[in-house]
Amino acid sequence: MKSYDVVVVGGGIIGLATAYYLVKNGVRKIAIIEKEYIGSGSTGRCGTGIRQQFTTKEHIVLMRESVKIWRLWEEILPKPIHFRQGGYLWLLRSEEEDNEYRKYVALQNLFGVDSRIISKDEIKEIVPDINLEGIFGASWCPSDGSAYPQDVLDSLEMFLKSHGVDIFDYESVVDFKKTSDRVISIKTDKDEYALDNLLIAAGYATKSLANKLGFDIPVKNYRHQIVVSEPLKIFLSPMVVDRSLYFTQTYRGRIIGGTDTNEEETDDLTLTYNFLQKFSSELVSVFSKLSSVRLMRHWSGFYVVSPDKHPILGPTPLKNVFIGTGYSGHGFMLGPIVGKLLAHYITYGMFFLEEANHLTLDRFEKGMLIQEKAVIG
Amino acid sequence: MDKKNVIICRCEDVTYEEIVRAFNEGYKDIESLRRYLKIGTGPCQGKTCIPLLQRILYELSGNFPQNITIRPPETPVPFGIFVNVPKK
């Protein structure tokens, strides 16, 4: 039986980023098990956005650190990942919203994020074609941005393979062999691997794998839909957010975007016409030039949502099992920093950011959920 | 004909030679080739090239790949079409 220091279940951004930092930490024998192809889960389906405009210390600090890594990765990974700091333009439609977001911006500035509230004139300068009717102002962060998920994964995969990491795709986990507080080996539909440490970063399937190991994670899966247009000449570099609508243009010229259709918890990825109506109406009302642009592809993926909408990272009731899940729709942007944190935890038994200590699974037992700090007062 | 000059994916300009090279680099299934070469991701969404790619993969590996993901719409549709349509 092959034996590994760390086995990672899940070939998405979290699994690959963690393996990347495990390699950097000097861990030798690493395997990644992916049940389909690399990026077949939520990473490959995501909206490409990377933002620091959050409303809690935990999210803001983690994302600030993540952006530093995104910038580094663009330089040092073997292939371009197309990380672009085009900014996030968060449209505000009333004075109340404006006041609320001023508090968020103050909190973001406190933790070193360069966001600010801007006027309609400035919006016009950043995105000239936006329909400003009914818009009060915007929350703007120029260092937010986007990266191209498939290129990120491809680049990480190339790095990992050249550093001796075994990546088993089209291989699914069947069972585990465990003692009372440790996992000894993992059985797949093709083979069995002995392991010292196990990381479960399997997106929407993390909960069911944890259940198989005898503990629960309080997350729910929600379907979110997304579309991409035909390629156009590059004209839009920020991500525009208007209430639940978001859209940007990828480096390949396509408009990518989605909106929230307030669906119930589900394990079904069926697409709905209702989404297309809501998305197109919202898009065209704020950016009428896109009315004649053609939608090319429509798909869906899961947000794995935790009770306080923050990630669940690190230790579990089993001593050598670790998890990373519950990103609530922010897994891709958080990927680099979460990978670094999880690899550090697995290698050294601790996090290197104080904020990450608030994000462990036992917070739900202790009743220490993350509070929205920016809305106090 | 020189395989360099055979365009398989017309939307993304992917040649026969590039597919063979990628296959030899380890990209052996449709999904990873899509990710690596961007084959089949243009406006036709693979209607022309994916059947050709299936055949090439069969020639190279002896297995005929079946796992193709098909997504709507069947043909590109302007966003404006979906606006203000009354719900039934």
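The values are calculated or read from the model by the stated rules, or taken from the named source; none is laboratory data. As the structure is a computational prediction, the values presented were derived from the model and not from experiment. Don't worry about glycine lacking a Cβ; one is built from the backbone with ideal geometry, like all the others, and counts go over all protein chains shown. For accessibility, only protein heavy atoms count, side chains too; no ligands or nucleic acids. Shrake-Rupley method; radii C 1.70, N 1.55, O 1.52, S 1.80 Å.
About the Cα centre of region B:3-76, how large is the charge dipole given +1 on each Lys and Arg Cβ and -1 on each Asp and Glu Cβ? Please answer in debye to the nearest 20.
60 debye
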(message) Give me Rg/Rg_expected for region A:70-147, where Rg uses Cα atoms only and Rg_expected = 2.2 N^0.38 Å with N residues.
(response) 1.28
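In region A:220-256, what chymotrypsin sites (Phe, Trp or Tyr not before Pro) fall in a loop by DSSP, with at most 15 other Cβ atoms inside 10 Å?
Taking region A:220-256 and a limit of 15 other Cβ atoms within 10 Å, the loop chymotrypsin sites (Phe, Trp or Tyr not before Pro) found are A:Phe235.
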(message) Taking just the alpha-carbon atoms of chain A, what radius of gyration and Dmax come out, in angstrom?
(response) 20.6, 65
(request) Please get the size of the charge dipole for the protein assembly as shown, origin at its Cα centre, with Cβ charges of +1 on Lys and Arg and -1 on Asp and Glu, quoted in debye to the nearest 20. (result) 480 debye
(request) Give the Cα extents of region B:3-76 along the principal axes, in whole Å, largest first. (result) 33, 26, 18
(message) If you count only protein heavy atoms and use a 1.4 Å probe, how large is the accessible surface of A:Asp121, to the nearest 10 Å²?
(response) 120 Å²
(message) If the only charges are +1 at each Lys and Arg Cβ and -1 at each Asp and Glu Cβ, what is the size of the charge dipole of region A:188-272 around the Cα centre, to the nearest 20 debye?
(response) 480 debye
(message) Cβ neighbours within 10 Å, averaged per peptide: list A:176-185, A:141-150, A:353-362 in order, most packed at the top.
(response) A:141-150, A:353-362, A:176-185
(request) Can you grab the distance from the C-alpha centre of region A:253-273 to the C-alpha centre of region A:311-377, Å, no decimals? (result) 26 Å
(message) Quick check on region A:1-148: of the DSSP beta bridges with both residues there, what percent are antiparallel, nearest 5%?
(response) 75 percent
(request) Filter the trypsin sites (Lys or Arg not before Pro) in region A:273-365 down to the DSSP loop ones having no more than 15 other Cβ atoms within 10 Å, then list what survives. (result) A:Lys319
(message) As an exercise, take the mean of 1/r over every pair of distinct alpha carbons in region A:88-240, invert it, and state the Kirkwood radius in angstroms.
(response) 20.5 Å
(request) Just tell me which lysines come within less than 16 Å, Cα to Cα, of B:Lys47; anything on the same chain fewer than 8 places away is out. (result) B:Lys38
(message) On a 22 Å Cα-Cα criterion, which of the cross-link pairs A:Lys68/A:Lys124; A:Lys2/A:Lys161; A:Lys29/A:Lys177; A:Lys35/A:Lys220; A:Lys57/A:Lys212; A:Lys2/A:Lys190 come out too long?
(response) A:Lys68/A:Lys124; A:Lys57/A:Lys212
(message) Just checking the output field for B:68-81: average partner chain Cβ neighbours within 10 Å of each residue's Cβ?
(response) 6
(request) For region B:30-88 and region A:123-162, compute the distance between their C-alpha centroids and round to whole Å. (result) 25 Å
(message) Counting heavy atoms of the protein chains only and a 1.4 Å probe, report the per residue accessible area for region B:3-76 as a whole number of Å².
(response) 53 Å²
(message) Computing the accessible area with a 1.4 Å probe over protein heavy atoms, can you report the carbon and sulfur percentage for the protein assembly as shown?
(response) 51 percent
(message) For the protein assembly as shown, give me the percentage of DSSP beta bridges that are antiparallel, rounded to the nearest 5 percent.
(response) 70 percent
(request) Could you point to the residue in A:His310, A:Ile167, A:Gln225 farthest towards the positive end of the protein assembly as shown's charge dipole, with +1 and -1 charges on the Cβ of Lys/Arg and Asp/Glu respectively? (result) A:Ile167
(request) Select from A:Ile217, A:Ile76, A:Ile13 the residue whose mean-square fluctuation is largest in a Gaussian network model of chain A (Cα-Cα springs shorter than 10 Å). (result) A:Ile76
(request) May I ask which residue of A:Ser155, A:Gly329, A:Phe351 lies farthest towards the positive end of the charge dipole of the protein assembly as shown, with charges of +1 (Lys, Arg) and -1 (Asp, Glu) on Cβ and the Cα centre as origin? (result) A:Ser155
(message) Averaged across A:225-237, how many Cβ atoms of other chains sit within 10 Å of each residue's Cβ atom?
(response) 2
(request) Between A:Lys212, A:Lys57, A:Lys35, find the one with the highest GNM mean-square fluctuation for chain A; connect C-alpha pairs within less than 10 Å. (result) A:Lys212
(message) How would region A:153-225 be classified by its alpha-carbon gyration tensor: rounded, prolate or oblate, with rounded meaning a/c under 1.5 and the a/b versus b/c comparison settling the rest?
(response) oblate
(request) Enter the mean number of other protein chain beta carbons within 10 Å of the beta carbon of each residue in A:272-282, as an integer. (result) 4
(request) Note the buried accessible area between B and A here, summed over both chains, with a 1.4 Å probe, in Å² to the nearest 100. (result) 2900 Å²
